[in-house]
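Engineer: Sharing a structure with you now.
What follows is calculated from the coordinates using simple rules that are stated; it is not laboratory data. Every value quoted in this text rests on a predicted model; they were computed, and no experiment measured them. Ideal geometry is used to build each Cβ from the backbone, glycine not excepted, and the neighbour counts take in all protein chains shown.
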Amino acid sequence: MRALPEAFTDLLDLVIVNRVEGAAYAGLDVTTLETRGAAGLRYEGADYPGHPVVVMSTHGAGNMFVGALAARFAAGHPISQAIPFA
């Protein structure tokens with residue numbers, strides 16, 4: 001992974017990463033939401049379980065999650081309340 005310049009990370013409120021990216025960017029001074037596939041995710045020290053679903057394809061799953069999370073956040077909900085919706 002390429003290092004992110006501090007001038008860039010200073011502009012971020014939240015970084016959404018997978019497990020591999022989470023390990024690579026562990027030292028960032030920015031709030032991180034780490035997705036963990038079927039195991040759910042980790043955000044601000046709390047583990048959130050995944051939702052059981054019948055998987056047809058994982059293509060676009062991350063995009064759908066981030067879109068649902070952003071929609072709920074844009075509607076005025078804090079991230080911690082948007083996570084179960086997403």
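Engineer: How big is the gap, in Å, between the Cα center of the stretch 3-31 and the Cα center of the stretch 55-73?
Structural biologist: 20 Å
Engineer: A further question follows. Normalised by the number of residues in the chain, what is the relative contact order in percent for Cα pairs under 8 Å and 6+ residues apart?
Structural biologist: Computed over the chain, the figure is 17 percent.
Engineer: Which part of the stretch 23-42 falls in the paramagnetic zone of VAL66, meaning amide N under 15 Å from the point 7 Å along Cα-to-beta-carbon?
Structural biologist: Zone members listed by number: 32-37.
Engineer: With runs of 4+ DSSP H residues as the only contributors, calculate the mean residue ellipticity of the chain at 222 nm using -39,500 (n - 2.57) per run, divided by the residue total and rounded to the nearest 500.
Structural biologist: Using -39500 (n - 2.57) per qualifying helix, the result is -9500 deg cm²/dmol.
Engineer: Same structure, new question: Rounded to the nearest 20 debye, what is the charge dipole size of the chain about its Cα centre when +1 sits on each Lys and Arg Cβ and -1 on each Asp and Glu Cβ?
Structural biologist: My answer is approximately 360 debye.
Engineer: Gain in length, LEU14 to ALA39, computed as 0.36 nm per residue apart minus the alpha-carbon separation, to one decimal in nm?
Structural biologist: Full extension from LEU14 to ALA39 adds 7.0 nm.
Engineer: Still on this structure: Pop out the Kirkwood hydrodynamic radius of the chain from its pairwise C-alpha distances, inverse of mean 1/r, in Å to one decimal.
Structural biologist: Radius from the Kirkwood sum: 13.9 Å.
Engineer: Among DSSP beta bridges whose residues both lie in the chain, state the antiparallel percentage, nearest 5.
Structural biologist: 60 percent
Engineer: Still on this structure, please answer the following. I need the GluC sites (Glu not before Pro) found in the stretch 1-50, filtered to DSSP loop residues with at most 13 other beta carbons within 10 Å of theirs.
Structural biologist: Answer by residue number: GLU44.
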